[in-house]
Amino acid sequence: MAAKDLAKESAKNFEKNLEQKKYSIAVLPGDGTGPEVVREGIKVLNAIGKKYNIKFEFNEYDFGGERFLKTGKTITDEDIEELKKYKAIYLGAIGHPDVTPGILEVGILLKIRFSLDQYINLRPVKLYPNVETPLKDKKPEDIDFIVVRENTGCLYSGHGGVTRKNTKYEVATQVMVYDRQMVDRCLDFAFNLAMQRKANGKPGKLTLVHKTNVLTFVGDLWYRAFMETKDKYPQVQTDYNHVDACCMWMVKNPEWYDVIVTSNMFGDIITDLGAMIQGGMGIAAGGNINPIGTSMFEPIGGSAPKYTGLNVINPLAAIEAARMMLEYIGETGPALKLQQGVAFACTKLKSLSAGKMGYSTSEVGDLISEYILGN
Ligand code: IPM
Ligand code: MN
């Protein structure tokens with residue numbers, strides 16, 4: 001290359017570097033198969049980075065079962081302060097067979113959600129083409145909704161206790177707690193999401209799911225807040241379902257849903273049902289969102305210890321979590337490309353279940369990365 005061209009080329013590269021966007025992400029691979037699926041998510045994000053000239057800096061933290069067994073620490077206040085430096089956290093899975101159930105879930109996962117005030121748990125329920133759903137005759141156009149699960153209150157608040165433990169008269173309570181602003185901020189998020197979906201050609205309908213016929217205090221608080229908030233968003237069509245009926249309709253008429261907003265405990269339960277109708281835990285992802293702080297993205301299945309290290313677990317859920325993270329940081333074009341990559345992988349995989357995909361964990365990551373770079 002002539003000197004003049006070289007100079008031009010280097011000036012161009014210099015400009016390109018200046019343009020390059022940088023994101024620093026905290027990575028918590030966690031336990032079991034967490035590290036394996038996160039590795040594929042990072043691989044795919046790096047492919048996105050290469051294609052769109054984005055630099056991702058991944059900083060790993062070892063919070064999880066192994067560290068707990070060695071040090072007795074779940075997540076400390078200093079760890080939380082450290083995580084606050086990031087806009088996004090990418091999590092694999094928390095849960096270790098040698099640790100009493102509850103310790104890591106409460107001490108790590110819930111502690112992060114609560115301390116970082118990630119008050120929304122966003123869980124898309126979307127059936128990709130070629131993915132098998134247990135619902136007879138339901139197609140991708142029938143299963144495409146998103147659950148806005150309130151993520152800080154309800155039965156998760158820690159209010160309650162036990163007396164007379166280990167006696168015949170043992171009393172245990174666990175209290176469903178909400179205050180009005182917690183409900184209001186969650187509803188505002190959900191209404192805005194419904195508006196956004198409407199702008200993107202979706203129905204823009206919001207269904208409140210609760211149990212007002214029995215929960216006459218907390219359900220009533222949610223219902224009244226919903227009715228008042230709805231006046232601020234006249235473009236959004238609204239509906240209300242009791243949670244038990246919602247389980248019924250999710251199976252029978254999932255096409256009725258566009259955006260569901262619900263409290264923490266109900267949201268936990270219905271999103272496992274949602275995961276199954278979209279093809280299983282192999283593809284279900286979620287985002288723990290603090291719209292003005294640090295958010296965390298995760299596959300919603302567990303650590304699947306029996307598959308650890310075998311390179312057979314499905315990384316699509318973790319890759320979907322990476323897609324949500326891209327969307328959240330505002331990289332909507334790249335997020336869409338990643339989604340096309342996931343859809344492409346769905347046409348190739350024989351099944352979404354671990355060990356039955358016809359591809360190894362790392363091959364699924366390769367497949368999507370190659371798709372992204374080639375399309
Ligand atoms: C989830 C999980 C957690 C929850 C557990 C592990 C604490 O089931 O993310 O849905 O109940 O929120
Ligand atoms: Mn759950």
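Each label was represented as a point 7 Å from its Cα along the Cα-to-Cβ direction; for Q181 and Y52 these points are 3.4 nm apart.
Shape analysis of the chain based on the Cα gyration tensor places the equivalent ellipsoid semi-axes at 35, 26, 22 Å, largest first.
The value of relative contact order for the range 133-278, using C-alpha pairs under 8 Å at least six residues apart, is 38 percent. Positive-end ranking of V37, P234, T271 along the dipole of the chain, with charges on Cβ about the Cα centre, is headed by P234. Beta bridges assigned by DSSP with both partners in the range 133-278 are antiparallel in approximately 25 percent of cases. Among V259, V125, V171, the residue with the largest mean-square fluctuation in a Gaussian network model of the chain, with springs joining Cα atoms closer than 10 Å, is V171. Under the simplified labelling scheme, the K356-I292 pair shows an inter-label distance of 4.7 nm, with each label point 7 Å from Cα along Cα→Cβ. Note on the chain: with charges restricted to the Cβ of Lys and Arg (+1) and Asp and Glu (-1), its dipole about the Cα centre is near 420 debye. Within the range 299-340, the percentage of alpha carbon pairs spaced more than 12 angstrom apart rounds to 61%.
Seen against the Cα atoms of the chain and their longest principal axis, helix 361-374 is set at about 60 degrees.
Across the options A321, M296, P203, the greatest Cα extent toward the positive end of the charge dipole of the chain (unit charges at beta carbon of Lys, Arg, Asp, Glu) belongs to P203. Among S263, S360, S295, the largest mean-square fluctuation in a Gaussian network model of the chain, built with springs joining Cα atoms closer than 10 Å, belongs to S360.
What area, in nm² and to one decimal, does the C-alpha convex hull of the range 133-278 cast on average over all directions? Before the final figure, lay out each step's value.
Numbers: hull surface 40.7 nm².
The Cα convex hull of the range 133-278, projected and averaged over all directions, gives 10.2 nm².
Just the number, please: percent antiparallel of the DSSP beta bridges in the chain, rounded to the nearest 5. Here the share of antiparallel DSSP bridges comes out near 40 percent. Based on Cα contacts under 8 Å between residues 6+ apart, the chain shows a relative contact order of 23 percent. When peptides 108-114, 201-207, 245-251, 157-163 are sorted by average Cβ neighbour count within 10 Å, with the highest value leading, the order is 108-114, 201-207, 245-251, 157-163. Based on the Kirkwood approach, the hydrodynamic radius assigned to the range 107-192 is 16.2 Å, with every pair of different Cα atoms included. In the range 191-347, one over the average inverse separation of all distinct C-alpha pairs is 17.4 Å, which is the Kirkwood hydrodynamic radius. With all pairs of different C-alpha atoms in the average, the Kirkwood value for the hydrodynamic radius of the range 89-128 is 12.0 Å.
Highest mobility in the GNM of the chain, judged by mean-square fluctuation with C-alpha springs under 10 Å and restricted to G309, G274, G41, is found for G309.
Across the range 57-105, Cα pairs under 8 Å and at least six residues apart give a relative contact order of 41 percent.
Within the range 62-133, the proportion of Cα pairs with more than 13 Å between them is 70 percent.
Each value in this text was obtained by applying a stated rule to the coordinates, not by laboratory testing. Note that the structure is a prediction, hence the values are computed from the model and not measured. For neighbour counting, all protein chains shown are included, and Cβ atoms are generated from backbone atoms with ideal geometry for every residue, glycine included.
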